[in-house]
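To start, the structure itself, in structure tokens.
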Amino acid sequence: MRFRPLIVCSIVLALLPASVPAFADDPTTTPTPTPSQSKLEEGLALDGDTTRAIVELTDAAQHEPVAGTAAAESVDVLLQPQSQPFMVVEGTAEELARLAEDPRVTSIHRDRTYAPTEVSSNLTQIGADKAHEKNFTGAGQNVVVLDTGIDRDHPYFGGRLVAEACFSAVESGVESLCPNGQPQQTGEGAADATTAKCLADGVNLCEHGTHVAGIAAGSGGVAPGAGIIAVQVFSRVNDEDTCMGESSCLLAFESSLRLAMDYVGTLTQPIAAVNLSLGGALSEGDCDATEEGTVFKPKIDALLAKGIATVVAAGNEFFEGASYPACVSSAVAVGANDGSDAIADFSNRGSLVDFFAPGVDIESSVPDNQMAVHSGTSMATPHVAGALALMKAASPQTPIADLINTLKTTGRPYQYEANGAQVTTPRLDVGAALAGTGTQPPITQTPNPVPDPTDSSGPAPEPDPTDDERPAPAPTPSVTPVPLPTVTVTVTVTPPPAPSSAAVCTRGTAGARMTAGKWAVEIHRSSGTIPDNTLNCYLKLIGKASKVFPELTKASSLGKAYRVLKGTKTTRDKLDSALLTAWLNWAHGTNGTTVLSAAEKVRLSSTASKASLKKATKNVLKSL
């Protein structure tokens, strides 16, 4: 079973030519797909393995007859939400193709998965402290957190947990995180983040949601008087390939998110915002018209019509765009800034981003009544969700779109360049919005790319617990070495740092293109200069951005990636090697994926000829 994070969106690519092996540019004639084939997502279960898929129906009344057809075709029915025009099944490509022949089926695509975006003075920076002094606390409003559940009795929440639900996909190798062990549960305890399934080797995998909820509406959060509605939308996946070498990890399936968003629409409590600190593939422009966008935009719009904003993390890939579903135009996409009013090194940015908010070294609640520091756009997003609770509590009759616009016009403008154009994005300032402050002076962002992940020098977005794995810099002669007393004085007079937070996995900035052979040297243990933790981060990013990896070809560990790079037996092996090489260059800092997307479309086609595979390989190799 393989898990497809999200549909990737093509972006502009500028690539440098290089010498390549001579391949015949034979014209390729692609057979016209049959009506049933046109209903199937490209590359669905192409390798003969079974795939978890969403079957879109003409209407909700077709569940039983289509389930009967599925049973006749040996397709396993995993989920049948009776009020929704879709069902979740598992089957091979052939089985799903036969199911697609049913006229009551409109399309079949993977049940995509989403990962949590990786994860004080922050309240002062956005003016929340001034708002609290004026008794703006968000009381009377609620924030919905669609995440990994919540530590229900954490003192940081002060008994303000209003409602709970769980929508957690189940199948072979995937376990429900609902306390009842079923795919869904509502009511008290449904979003508990301290259950046994949340634990792995003494680590709580479900920490993320408690941290996010604390930022939005904890007693030391942005809206300390607001209620919290916690919805567990993640499942526990026990697969080392999917989990990048870890035995277990958490992913949210599209089907779970759809059910959770519909659940929010049925609630009667006053809700200011839904917080989604998660994301998948990247998009340079708005993704409304993509297959995935057409799923999420109607749901985001339906909540907006009820006065509820959907606030989504823009992503941590140091990318000029946003991840799904933040790229939906009606979502509120949030990037991260640091304490010095600079865009965080890891944060996505550009015209798709609606706000920046504090996202570096943010302290908040975690399970077992503890506090911890994390960084990421996951942490920035609940600042905006909490701010909307403050705004809506202060002016409950004002349309939510107007409240969002007020936050935009009163925020501190960040001016910077993205995608070759000048962009202005407001940094959240809820204190100014509530006070009716006029336009604030802009802050011009000096280009400051993230440090090369291969370089252990220079500041990082947050302390990196794996820095000791990186090559130690060679000592350099110094005529006037810094004496120890100076260091001691510096530490003494500098405010103590916040507790260490986990590193944010983001793209590098080296921008140097390397060949498959050079990447094989880097990936082969102890033979390269790039640390293993950086290489594993690159493979993780590739898993989000690519359709081929790991859906068709396993490349989620260093050993498997090495074998892909060295593969030359078949035309498909050669294309996989070229694609992985180009994706590694992208993760290392080169920009653009247009050629890669075109080549992946050929690789995903079950009818691609040898000539078309060779031509796609040639096009990719030209970019190296």
**Inter-probe distance in nm under a simple model that places probes 7 Å from Cα toward Cβ, at S340 and S395** = 3.5
**Request:** Holding the Cα-Cα limit at 28 Å, pick out from K39/K601; K297/K408; K39/K622; K297/K574; K560/K614 the pairs that are longer than that.
**Result:** K39/K622; K297/K574
**Request:** Provide the convex hull volume over Cα atoms per residue for the stretch 178-252, in Å³.
**Result:** 105
**Request:** Can you pull the one-decimal nm distance between simple spin-label points at E188 and K569, each 7 Å off the Cα toward Cβ?
**Result:** 5.9
**Request:** Please report the relative contact order for the stretch 245-383, taking Cα pairs under 8 Å with a sequence separation of at least 6, and give it as a percent rounded to a whole number.
**Result:** 22
**Fill in**
Of the convex hull drawn through the C-alpha atoms of the stretch 354-394, the volume per residue in Å³ is 79
**Item:** Label-point separation in nm, S172 to K601, each point 7 Å along Cα→Cβ
**Value:** 3.4
**Request:** Putting +1 on Lys and Arg Cβ atoms and -1 on Asp and Glu Cβ atoms, find which of L304, L250, G315 reaches farthest to the positive end of the dipole of the stretch 197-343.
**Result:** L304
**Request:** Take the solvent-accessible surface of the protein heavy atoms, probe 1.4 Å, and return the percent of it on the stretch 249-356 that carbon and sulfur atoms account for.
**Result:** 53
**Item:** Between the stretch 335-376 and the stretch 191-242, the Cα center-to-center distance that results, in Å
**Value:** 17
**For the stretch 513-581 and the stretch 272-295, distance of Cα centres in Å** = 27
**Asked** What do the square roots of 5 times the Cα gyration tensor eigenvalues come to for the stretch 265-339, in whole Å, largest first, as semi-axes of the equivalent ellipsoid?
**Response** 22, 16, 8
**Message:** To the nearest 20 Debye, how big is the dipole of the stretch 300-366 about its Cα centre, given +1 on the beta carbon of each Lys and Arg and -1 on that of each Asp and Glu?
**Reply:** 340
**Request:** Could you sort 578-590, 348-360, 611-623, 179-191 so that the peptide with the highest average Cβ count within 10 Å comes first and the rest follow in order?
**Result:** 348-360, 578-590, 611-623, 179-191
**Prompt:** If you line up the Cα atoms of the stretch 303-343 on their principal axes, what length do they span on each, largest first, in Å?
**Reply:** 36, 20, 11
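The values are calculated or read from the model by the stated rules, or taken from the named source; none is laboratory data. Since we're looking at a predicted model, the values are computed, not measured. Please note: Cβ atoms are built from the backbone with ideal geometry, for glycine as well, and neighbour counts cover all protein chains shown. For the accessible areas, the whole protein counts, side chains as well, though only heavy atoms, and no ligand, DNA or RNA atoms are used. Shrake-Rupley method; radii C 1.70, N 1.55, O 1.52, S 1.80 Å.
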